[in-house]
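The numbers here are math on the coordinates, done by the rules we state, and not lab data. From a predicted model like this one, the values you see are computed outputs, not experimental measurements. Every residue, glycine as well, gets a Cβ built from its backbone with ideal geometry; the counts of neighbours run over all protein chains shown.
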Amino acid sequence: MKEEFIRTLYEKHQSCPDCPSFKNVVDFFEDLLGTLFPEFSDAPFHDYASFAKHVNELKVKLQSLLTFCEMKNAVVPEKCGSFFDALPNIYHLLLKDIEALEKGDPAARSQQEVIRTYPGFYAIAAHRFAHCLHDLNVPIIPRMLSEHAHSHTGIDIHPGASIGEYFCIDHGTGIVVGETSVIGDHVKIYQGVTLGALSVRKEDASVKRHPTIEDYVVLYAGATILGGDTIIGHHSVIGGNVWITKSIAPNSKVYYQARMHNDKDEEMDLFIYKTEY
């Protein structure tokens, strides 16, 4: 390489803003997950004192990560404290998610199996942590957490998405949940579902671009739901591979059905929308 090119790269390194390393962020996440759920922990704790010391070390790790995020040093302890104060609530949300995952999948043998092996739980846990940091206005780290989970599970949930209790992701690969999505309680989502935007214009970044999914909704594989004004009403079932850009009333079933066309051996897809009261 020419020296001029090498010097250009060197100058970019000097001007690059501070940012925690991806490895350190992932290590913190997995240490935290192992602290909340021993199924993920590699370190046995034989007494309370060693466990309490480990928790304090986690706090130090987070403070260290936050100092690399162009945050004023004075707010770092406050943000760190707020995150750890929120952990009991996050933990109880995750327990409800585990319950939903176990009950929602006939193949699940136990909650321990869900914790240890289900990509849906791993992605939801990463999102719960990332969303809390996002709400605390912590830069970059929430996206690093969500993108780690994305690469690890194939499930892409933006940290800004709001997700209620008892969230169940079955299989999960290919799921996309956009930044301004709002998901209620007891929602179940299968693989390949997209909660996306109708517009990708940069000027729309500050508006609600992604749909709202109300309580007790099931979204089957491949469903695509788009638009910030689109609301899927509570207790609705959205069938596989449907494409929705308008709101659906509560207690509805939406699906495609193949039927013969003009008495020929050709099939056409019909959009079926039923509301049950």
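Tabulated data for the structure shown
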read-out: Region 143-190 versus region 210-243: alpha-carbon centroid distance in Å; value: 14 Å
read-out: Which listed pairs, of Lys79/Lys202; Lys96/Lys188; Lys103/Lys246, have C-alpha distances above 22 Å, in listed order; value: Lys79/Lys202; Lys103/Lys246
read-out: Summed residue charge, Cβ within 11 Å of Ala100's Cβ, Lys/Arg positive, Asp/Glu negative; value: -4
read-out: Hydrodynamic radius of region 143-202 per Kirkwood, over alpha carbon pairs, in Å; value: 11.9 Å
read-out: Dipole magnitude of the chain about its Cα centre (Cβ charges: Lys, Arg +1; Asp, Glu -1), debye to nearest 20; value: 400 debye
read-out: Estimated vicinal HN-Hα couplings, Hz - region 154-167 in sequence order (Karplus 6.51, -1.76, 1.60; Gly, Pro = x); value: x, 10, 10, 10, 5, x, x, 5, 9, 10, x, 7, 6, 8
read-out: Principal-axis tilt of helix 76-104 within the chain, Cα atoms, nearest 10 degrees; value: 40 degrees
read-out: Of Pro139, Phe121, Pro38, farthest towards positive along the dipole that unit charges on Lys, Arg, Asp, Glu beta carbons give region 14-154; value: Pro139
read-out: Trypsin sites (Lys or Arg not before Pro) restricted to region 207-248 and DSSP loop, no more than 13 other C-beta within 10 Å; value: Lys246
read-out: Calculated from backbone phi, Karplus (6.51, -1.76, 1.60) coupling profile of region 13-19 in Hz, x at Gly/Pro; value: 4, 6, 9, 5, x, 4, 7
read-out: Ranked by how many other beta carbons lie within 10 Å on average, peptides 111-119, 37-45 from highest; value: 111-119, 37-45
read-out: Net charge over other residues, Cβ less than 13 angstrom from the Cβ of Phe28 (K, R count +1; D, E count -1); value: -1
read-out: Cβ-based net charge around Asp229, under 10 Å, with every Lys or Arg adding one and every Asp or Glu removing one; value: +3
read-out: Sites Gln257 and Phe51, calculated FRET efficiency, Cβ-Cβ separation with R0 45 Å, nearest 0.05; value: 0.20
read-out: Cα-based radius of gyration of region 14-154 once divided by 2.2 N^0.38 Å, which approximates compact folds; value: 1.09
read-out: Length released on extending from Glu78 to Arg201, taking residue separation times 0.36 nm less the Cα-Cα span; value: 40.8 nm
read-out: Residue among Pro77, Thr153, Leu62 farthest towards the positive dipole end of the chain, charges placed on Cβ; value: Pro77
read-out: Karplus-derived HN-Hα couplings along region 168-181 (A = 6.51, B = -1.76, C = 1.60, θ = phi - 60°), whole Hz, x at Gly and Pro; value: 10, 10, 9, 6, x, 3, x, 6, 10, 10, x, 4, 9, 5
